[in-house]
Amino acid sequence: MLEVVFDDDAIPQLLDRLTLEEKCSLLSGSDFWHTEPIERLDIPALMLTDGPHGVRKQSQTSEDLDVGNAMPATCFPTAAGLASTWDRDLVAEIGHALGWECRVLGVHVLLGPGVNIKRTPLCGRNFEYFSEDPLLAGELAACLVRGIEAEGIGTSVKHFAANNQETDRMRINVEVDERTLREIYLAPFERVVTTANPATLMCSYNRINGAYSSENPWLLTRVLRDEWGFDGLVMTDWGAVNDRVAGVRGGLDLEMPSSQGLNDHRVAEAVRRGDLSEDTLDRAVARVLRLVARHHQPSDGNTPDLDAHHDLACRAAAASAVLLKNDQETLPLSGLDDVVIIGELARTSRYQGAGSSRVNPTRLVSILEALRERAAVPFEPGYVLADSPTAGSDDEVLRRAAATAARGRTAVLVLGLPSADESEGYDRNHIDLPASHVRLLREVSEVAERTVVLLANGSAVATAPWQHAADAILELWLGGQGGGEGAARLLTGEVSPSGRLAETIPLRVEQLPAQLNFPGENGVVRYGEGLFIGYRGLQALGAHPSFPFGHGLTYTSFSYSDLVVEAAEVTPELPLTAPVLRVTFTVTNSGDRHGVAVPQLYLGHPTSAFTRPVRELRGFSRLGLEPGKSEPVTITVDRRTMSLWHTLSHSWQVEPGPVTVEIGESSADIRLSATATITAPSLRPPLTHWSTLREWRADPMAWPTMREALGEFGKLMDGPGEINPEAFFLLDLPACKATLMFNQPTATQLDDLVARFGA
Ligand code: BGC
């Protein structure tokens, strides 16, 4: 393999020496996983590989997609689990480990993380994504990117953008309004790009408002580069090209995998015809060269400490788990003597999802094995699971045996989704556990002394139909190769649960407004629910989920006090990164065990002139506390995070007025609350002939003149806030209609008012 022989400064000369054909060949892969080398000029190939929660380097051939055949690598929890840790440091630590394994395996760019928003729990690929909340998703993904890139490895933040379902993912047109796109779907990408500067982004397959992401100049150039300042490379998702020449023009640099020279030829022809300027071509080629210069490195001879990485995977799995329910302190178990483990998933682990992210783990310890390392616990499979020793057995026979074994004991049931239920490439059509699992739980819980349910699934499952039958429920997600050990540590109390939900567990999937427009029809999905996905949607409707976003129990309890909020004035010049709100409070461990608190800061805008969710996550912290100990916490919110996307000025703006500042243990469990007043420039639209009298009245400069011009009507509408009831019906009259019907203001007066006080 060629050593890297050039740096950024050499790129202009290389561009001069490359032929048109060579330049075009650099813009697509040489095969499935490599960029094209140019040996004549000592330009080596880069190796790119999945990602995201482990390194999936195919072992035999690099010719094609062979997801089952990869070199062993540590399989960390999938993003669904990592997000539930709310732990920036741990996620960064995993990033470092991933980066190191890449170096050793000769991988230069790891294809991940995936930061698409979980618009619906039905998305088959949710296990690979972080959250329904853009702040949480962007924040943790940025930590992972920083960790990986600190090891010299590039990342590819994917799938840019609005790839929120698998159904028809290669063609679907996402119709989404500007504000929703900015505030929800682009926001995690924006946070990663602006705070972690990833080497590359991977565009999505789908279209957004008509344009394929692989050739959308607004997305790839105006927003990504001009606004966010991205200076890295954009590659396609595998096969995401529609019109390659339009892609190069729009800001798409690298096509993956190889299109066997087809698109290279098209690009070269377009340059020869004069349809594509050589400068535009060079811009993309330079970005490929820059990626090579920065990220090509010979493989690291140092074998990573795979034992240490396995330990990290175990720690991460334990931190990913969310304790949903724990009646009468069922957990931690007081011992393992009376425990029976039930459920084939305890023996045949479900620890990652299907599709391109499938890692070949260096080790795998099942829940059963991990518990049996601690005590000789009996086991019953309880239900049939494909590709397991129970395949071909009879559910009822297994269930009866399990109920017999559970009588009078503590039953630990491992339930979850069979792997065929969740995968890249298709969506689920329900969020239920298999009927055989629910029946097993019912029958076991009737005879067991107590019943603990462990869940193995990559995206929310409905718990409402059966949760009453469980004394405790621990959601494990798809916890990677350390999942079994992580679960054992939590059950026995060696570690306390610290995870919090990064996605809502709805009562029923139909509760979520996004379901009204899922998965679309005739090639179009309309995000008609706007901002109102996940907890934002449920709270706006006054609906209650089974377990809210942010929820997670521990083996202790916390109290919160001393909330202080300081707000800085927002001036037009204030940079987006400047702090606007500083929130401090104290957290106390009020229980008798060590535990981890995850205080969450939510903001609401009770008198907003804009459509707003009730509350939105705007910051969070995470701290371990010994019993009885207190610690002060400070969370600051910068101008960008405080802002809404203002569709009149097409920019981020802070709305002046009252803001509700809440500290919660979840989005539905608010422990402290205060109101602050934000001083910021007005966001009222400019006054025009069509502005209503209410809008004129809201402008303290313009109103005295307008009131005069309105004569008697004006007097009825006078007073700060108080209005004569007879005038109510006039408030929403556009000024030009008052002129038309009452000649008050006169046409001349109105022209004059608009000239003085309008835009
Ligand atoms: C997936 C990407 C993945 C790529 C390469 C595509 O099908 O959408 O996430 O990185 O394949 O395996």
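The values are calculated or read from the model by the stated rules, or taken from the named source; none is laboratory data. Here the structure is a predicted model, which means the values were calculated and not measured. Note: ideal-geometry Cβ built from the backbone for every residue, glycine included; neighbour counts use all protein chains shown. Please note that ligands, DNA and RNA were not included when accessible areas were found on the heavy atoms of the full protein model with its side chains. Shrake-Rupley method; radii C 1.70, N 1.55, O 1.52, S 1.80 Å.
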Kindly provide the set of residues from region 415-462 that are outside any strand (DSSP E or B), among the basic types (Lys, Arg) and more than 21 Å from the chain's Cα centre (by Cα), ordered by number. ARG439, ARG442
So which of PRO72, PRO113, PRO77, PRO121 ends up being surrounded by fewer than 24 Cβ atoms within 10 Å (Cβ to Cβ) and either more than 30 Å from GLU183 (Cβ to Cβ) or not charged (D, E, K, R) (or both)? PRO72
Subset tally (residues that are over 30 Å from GLY480 (Cα atoms) and open to solvent by 10 Å² or more (accessible area, probe 1.4 Å)) for region 24-37: 4
Being among the polar types (S, T, N, Q), surrounded by fewer than 24 Cβ atoms within 10 Å (Cβ to Cβ) and within 16 Å of the ligand (Cβ to nearest atom), is that true of even one residue in region 149-158? no
Looking at region 463-497, which of its residues are in a loop (DSSP other than H, G, I, E, B) and open to solvent by 10 Å² or more (accessible area, probe 1.4 Å)? ALA464, PRO465, ASP471, LEU476, GLY493, GLU494, VAL495, SER496
So, first residue under 20 Å from ARG17 (Cα atoms) and open to solvent by 10 Å² or more (accessible area, probe 1.4 Å) in region 40-59, second residue at pLDDT 95 or above and among the hydroxyl-bearing types (Ser, Thr, Tyr), Cβ within less than 7 Å, six or more apart or across chains; the pairs are ALA45/SER30; ALA45/THR35
Pick from region 260-285, criterion in a loop (DSSP other than H, G, I, E, B) and free of Cβ contacts under 8 Å to residues at least 12 places away in the same chain, ranking: farthest from the ligand (Cβ to nearest atom): GLY274
Conditions: (1) out of contact with any strand residue (DSSP E or B) (no Cβ under 9 Å at 6 or more places or on another chain); (2) surrounded by fewer than 24 Cβ atoms within 10 Å (Cβ to Cβ); (3) among the hydroxyl-bearing types (Ser, Thr, Tyr). SER423 meets all but one. Number of the miss? (1)
Can you name the number of the only condition in (1) farther than 22 Å from ALA609 by Cβ; (2) open to solvent by less than 30 Å² (accessible area, probe 1.4 Å) that ALA727 fails? (1)
So is LEU693 touching a strand residue (DSSP E or B) at 6+ places or on another chain (Cβ under 7 Å), under 18 Å from ALA609 (Cα atoms), touching a residue at least 12 places away in the same chain (Cβ under 8 Å) and open to solvent by less than 70 Å² (accessible area, probe 1.4 Å) or not? no
Of all residues in region 142-161, which are of a type outside the set (Ser, Thr, Tyr) and touching a residue at least 60 places away in the same chain (Cβ under 8 Å)? LEU144, GLY152, ILE153, GLY154, LYS158, HIS159, PHE160
Heads up, the helices (runs of 4 or more DSSP H) in region 696-749 (entirely inside) with at least 2 residues that are in contact with an Asp or Glu (Cβ under 9 Å, 6 or more places away or on another chain) and under 19 Å from PRO686 (Cβ atoms) are 703-709
Qualifying position, being at pLDDT 95 or above, open to solvent by less than 10 Å² (accessible area, probe 1.4 Å), in a loop (DSSP other than H, G, I, E, B) and within 16 Å of the ligand (Cβ to nearest atom), among PRO257, PRO198: PRO198
Among the residues of region 160-179, which ones are open to solvent by 50 Å² or more (accessible area, probe 1.4 Å) and of a type in the set (Lys, Arg)? ARG171
Note on region 240-254: residues part of a loop (DSSP other than H, G, I, E, B), over 12 Å from SER28 (Cα atoms) and open to solvent by 30 Å² or more (accessible area, probe 1.4 Å) are ASN242, ASP243
Of the residues that make up region 562-576, is at least one within 27 Å of the chain's Cα centre (by Cα) and not acidic (Asp, Glu)? yes
Just wondering, is there one or more residues in region 384-398 that are in contact (Cβ under 8 Å) with a residue 60 or more places away in the chain and either in contact with a Ser or Thr (Cβ under 8 Å, 6 or more places away or on another chain) or outside the structural domain of GLU166 (by the TED database) (or both)? no
When region 391-447 is examined, which residues are found to be charged (D, E, K, R) and either at pLDDT below 95 or within 30 Å of GLY520 (Cβ to Cβ) (or both)? ASP421, GLU422, GLU424, ASP427, ARG428, ASP432
If you scan region 666-677, which residues turn out to be surrounded by 15 or more Cβ atoms within 10 Å (Cβ to Cβ), of a type outside the set (A, V, I, L, M, F, W, C) and farther than 14 Å from SER561 by Cβ? SER666, SER667
For LEU716, are the conditions met, namely being of a type in the set (A, V, I, L, M) and over 48 Å from the mean Cα position of the chain (by Cα)? yes
Could you check, for region 365-372, whether at least one of its residues is closer than 30 Å to GLY112 by Cβ, surrounded by fewer than 19 Cβ atoms within 10 Å (Cβ to Cβ) and either of a type in the set (A, V, I, L, M) or assigned by the TED database to the domain that holds LEU82 (or both)? no
In region 202-213, which residue that is buried (at least 24 other Cβ atoms within 10 Å of the Cβ) and under 19 Å from GLY51 (Cβ atoms) is farthest from the ligand (Cβ to nearest atom)? SER213
Hey, ASP237 part of a loop (DSSP other than H, G, I, E, B), among the charged types (D, E, K, R) and either at pLDDT below 95 or surrounded by 21 or more Cβ atoms within 10 Å (Cβ to Cβ) (or both) or not: yes
(1) open to solvent by less than 20 Å² (accessible area, probe 1.4 Å); (2) at pLDDT 95 or above all hold for HIS296 apart from (2)
Kindly indicate whether GLY534 is in contact (Cβ under 8 Å) with a residue 12 or more places away in the chain, within 23 Å of TRP466 (Cβ to Cβ) and crowded, with 24+ Cβ neighbours inside 10 Å. yes
Identity of the residue in region 97-128, more than 17 Å from ARG358 (Cα to Cα) and in contact with a Leu (Cβ under 6 Å, 6 or more places away or on another chain), that ends up farthest from the ligand (Cβ to nearest atom): ALA97
LEU82 - would you say it is more than 30 Å from HIS34 (Cβ to Cβ), not charged (D, E, K, R) and not in a loop (DSSP other than H, G, I, E, B)? no
